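Notes follow the structure.
The values are calculated or read from the model by the stated rules, or taken from the named source; none is laboratory data. Because the structure is a prediction, the values reported are computed rather than measured. Ideal geometry is used to build each Cβ from the backbone, glycine not excepted, and the neighbour counts take in all protein chains shown. Side chains included, ligands, DNA and RNA excluded: accessible areas come from the protein's heavy atoms. Shrake-Rupley method; radii C 1.70, N 1.55, O 1.52, S 1.80 Å.
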Amino acid sequence: MSYAETIVLDIRIGQMPQVVSALTGRDGLAVWVSEIGVLNRVVLFRAADTYDALLEGRPDVLAAIPEEPVQNVEVTSWRVISPLLPAGEHGSLYEWRCYDLKLGQVGNVEEAFAAAVPARLELSPLLCGMISIEGAPRLAHIWPYADMNARLEIRAQAVATGVWPPKIGGGLVAMENAILLPAQGSAWS
């Protein structure tokens, strides 16, 4: 089993370069900047084989974040529920999709998501699917794409063929989507 962590940073206007520069080039750390969705946002992503290893690495990442330009920090640990793409070059953009789940629905949502993933993987790779370990129950999945046109074409094909979305609507409270661009030196780019 794998674990992942996301650290979402909301940055003061005009301060993005300082934050990105301080965080890029770190081994095993994705640094993505929001292009569509909440702006002036940086999303950090890293993975570990064990939950303990994930937690042990957290202080170093948090210490590298410049304090002054950051307005808000949200840290979430996740249990990875799909194959995990290793760090490397996978696309010029990443789509982040996150769903708040109804209480008591984590098992049902996870099962439906897992059932739908194999057919969806025939159309394009998935960086990973994840269930939150802390905080409100959530499901998130991250998809790399060559570009926005590829994303639009693949998603349209997935919907038209009935491969996607997974049958999880009854377990959802809210949905969020963002298009993230990898910063130069991001471990996942």
Can you pull out the residues in segment 171-189 that are open to solvent by 60 Å² or more (accessible area, probe 1.4 Å), of a type outside the set (A, V, I, L, M) and closer than 24 Å to residue 106 by Cα? 176, 177
Of 120, 97, the only residue that is more than 15 Å from the chain's Cα centre (by Cα), touching a residue at least 24 places away in the same chain (Cβ under 8 Å) and either open to solvent by less than 60 Å² (accessible area, probe 1.4 Å) or farther than 24 Å from residue 49 by Cβ (or both) is 120
Residue list for segment 120-163, filter: in a helix (DSSP H, G or I) and within 24 Å of residue 79 (Cβ to Cβ): 120, 121
Among (1) in contact with a helix residue (DSSP H, G or I) (Cβ under 6 Å, 6 or more places away or on another chain); (2) open to solvent by 20 Å² or more (accessible area, probe 1.4 Å), residue 109 falls short only on (2)
Yes/no for residue 76 being of a type in the set (Ser, Thr, Tyr) and surrounded by fewer than 17 Cβ atoms within 10 Å (Cβ to Cβ): no
Suppose we keep only residues that are surrounded by fewer than 14 Cβ atoms within 10 Å (Cβ to Cβ) and either touching a Lys or Arg at 6+ places or on another chain (Cβ under 9 Å) or of a type in the set (S, T, N, Q) (or both) within segment 123-163. Which one would you say is nearest to residue 181 (Cα to Cα)? 149
Report, by residue number, each residue of segment 43-74 that is among the hydrophobic types (A, V, I, L, M, F, W, C) and either more than 20 Å from residue 21 (Cα to Cα) or without any contact (Cβ under 8 Å) to a residue 24 or more places away in the chain (or both). 47, 48, 53, 54, 55, 63
In segment 52-73, which residue that is assigned to a loop (DSSP other than H, G, I, E, B) and over 13 Å from residue 26 (Cα atoms) is least open to solvent (accessible area, probe 1.4 Å)? 69
Considering residues that are assigned to a strand (DSSP E or B) and under 21 Å from residue 47 (Cβ atoms), the number found within segment 74-119 is 15
Which one of these is of a type in the set (Ser, Thr, Tyr) and under 22 Å from residue 161 (Cα atoms): 82, 77, 132, 92? 82
Specify the residue that is farthest from residue 58 (Cα to Cα); the eligible residues are those in segment 1-18 that are aliphatic (A, V, I, L, M) and open to solvent by 40 Å² or more (accessible area, probe 1.4 Å). 13
Restricting attention to segment 19-38, which residues are at positive phi and open to solvent by less than 50 Å² (accessible area, probe 1.4 Å)? 28, 37
The correct count of residues that are of a type in the set (Gly, Ala, Ser) and more than 17 Å from residue 97 (Cα to Cα) in segment 25-58 is 6
